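**Student:** Quick one: the structure is below, questions incoming.
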Amino acid sequence: MEPSSGTDDPAGSFHVIDGDRPLDWEAVYRENIASIYRLLYYKVGNQPDAEDLTSQVFLDALPRLRSGASRGEIHMYLRATARTVLATHWQRRLGVQVTTIDENIGSPEAPEPPADPLPRIRRILSRLPANYRRVLELRFLERQSVNETAAQMGISAGNARVVQHRALQRAFELGQEMVS
Amino acid sequence: MSRRERRISRWIDDLIRDRKPRRLRGAQQEKDVLAAAVEMRSASAGAGLPDPRFVESLRQRIARETQGEVARAPRLSRRTLLASGGLAAATAAAGLILGERFASAPAPPGELTPEGGRWVAVADVAEVPAGTAKMFDNGSVRGLVVNNAGTFAALSAVCTHQGCLLRLNADAKRLDCPCHRAAFAWDGSVLFKQMPDALPSLPRLAARVNEHKIEVLAV
């Protein structure tokens, strides 16, 4: 299966497999597990997938790393591996790249993503029409079911799903506008 | 609400309940909606924090599944390199592809010349300035010679995935596989790959300079 273009070059030209001393893989793991998990969680939005993909990244990358690489290089190599693992995940599950990890992520040109995504999400929510904001708050922040959300909003469950769909579409557009 | 929208909605239900969302095909048009749902999820309490039980279980799994590879320090002596490279040449010529485990096999006693092996000139020294590489194909071995600041090394240029012939990418200093979007560094290590399976490094070939010729041990 061919992934879409631009998603298959995880390692770029990093040269982190050099060196002939043993890698202190436990130290590498301890140092990077939280950030790689967080990166992937923000890209898949659920714990089981985030755990699966994080596992794939470390199992794939650690045996290839050698101690000759710097901490920064190792971190970027893990991120690059995560980029490929994520692309493969979406390709297999949906056949479309829902989210991606920036090719140059972590580089000086592309700073690290914000550690706390909440402020951006709050900004997006604040710009939505009231019923759109309400449905997303109930569903995603308060994690209420569709039926509970519908009851709170005084609409049918089917209508709540439709409003949720439109709210997410608008939220995406607002997010894009905020980036640009 | 259309059937399609209901399927999307159920996918989002899975996400919000922190379950593995089901496979979903034909969702190209709703990609943006799904992306927004994923982003919204990162606002929930505790999002992005790994479960300590997961962190520990993965650590144990790595130790169990890759300890042999990550803990091993294949400090290869010249002798070992020469020996394994010679064997690599012989085996590659026989149509077999070697995995990287081969390089860390115990060194045979003495410097090994594979039976029937001989030094074959593959390039003039002047053709491969420092920092460059040159492909060669002597009929039995297709490979690459690299000039690392005056020291010459050689490796097989046959992909260890399905045996496709690699192409020299001089600008990026790598070997690209035309079949499955994989690439190797000029030391044989894997730079990136598309396939989920492990991709072994390229076998190294024993190389030497003899009277202004770069020679590779081949059969």
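**Student:** Can you give me the number of residues within segment A:129-153 that are closer than 13 Å to residue A:165 by Cα and in contact (Cβ under 8 Å) with a residue 40 or more places away in the chain?
**Tutor:** Residues flagged as closer than 13 Å to residue A:165 by Cα and in contact (Cβ under 8 Å) with a residue 40 or more places away in the chain within segment A:129-153 amount to 0.
**Student:** Out of everything in segment B:202-217 that is in contact with a Gly (Cβ under 7 Å, 6 or more places away or on another chain) and assigned to a strand (DSSP E or B), what residue ends up being most open to solvent (accessible area, probe 1.4 Å)?
**Tutor:** Once the filter is applied, the top-ranked residue is B:204.
**Student:** Please find, within segment B:13-32, the residue that is modelled with the lowest pLDDT out of those that are open to solvent by 30 Å² or more (accessible area, probe 1.4 Å) and either closer than 19 Å to residue B:46 by Cβ or more than 7 Å from chain A (Cβ to nearest Cβ) (or both).
**Tutor:** Per the criteria, the residue is B:26.
**Student:** Can you give me the number of residues within segment A:44-67 that are more than 7 Å from every other protein chain (Cβ to nearest Cβ) and open to solvent by 10 Å² or more (accessible area, probe 1.4 Å)?
**Tutor:** 5
**Student:** Got a number for residues in segment B:198-213 being within 14 Å of chain A (Cβ to nearest Cβ) and touching a Phe, Trp or Tyr at 6+ places or on another chain (Cβ under 9 Å)?
**Tutor:** Total satisfying the criteria: 4.
**Student:** Which one of A:71, A:79, A:92, A:83 is surrounded by fewer than 21 Cβ atoms within 10 Å (Cβ to Cβ), closer than 20 Å to residue B:197 by Cα and touching a residue at least 24 places away in the same chain (Cβ under 8 Å)?
**Tutor:** A:92
**Student:** Could you pull out the residue among B:6, B:10 that is at pLDDT below 90 and either outside any helix (DSSP H, G or I) or more than 31 Å from the chain's Cα centre (by Cα) (or both)?
**Tutor:** B:6
The values are calculated or read from the model by the stated rules, or taken from the named source; none is laboratory data. In this text, all values refer to a predicted model and were calculated from it rather than measured experimentally. Using ideal geometry, Cβ is built from the backbone for each residue, glycine included, and neighbour counts are taken over all protein chains shown. Protein only, heavy atoms only, side chains kept; ligands, DNA and RNA dropped before computing areas. Shrake-Rupley method; radii C 1.70, N 1.55, O 1.52, S 1.80 Å.
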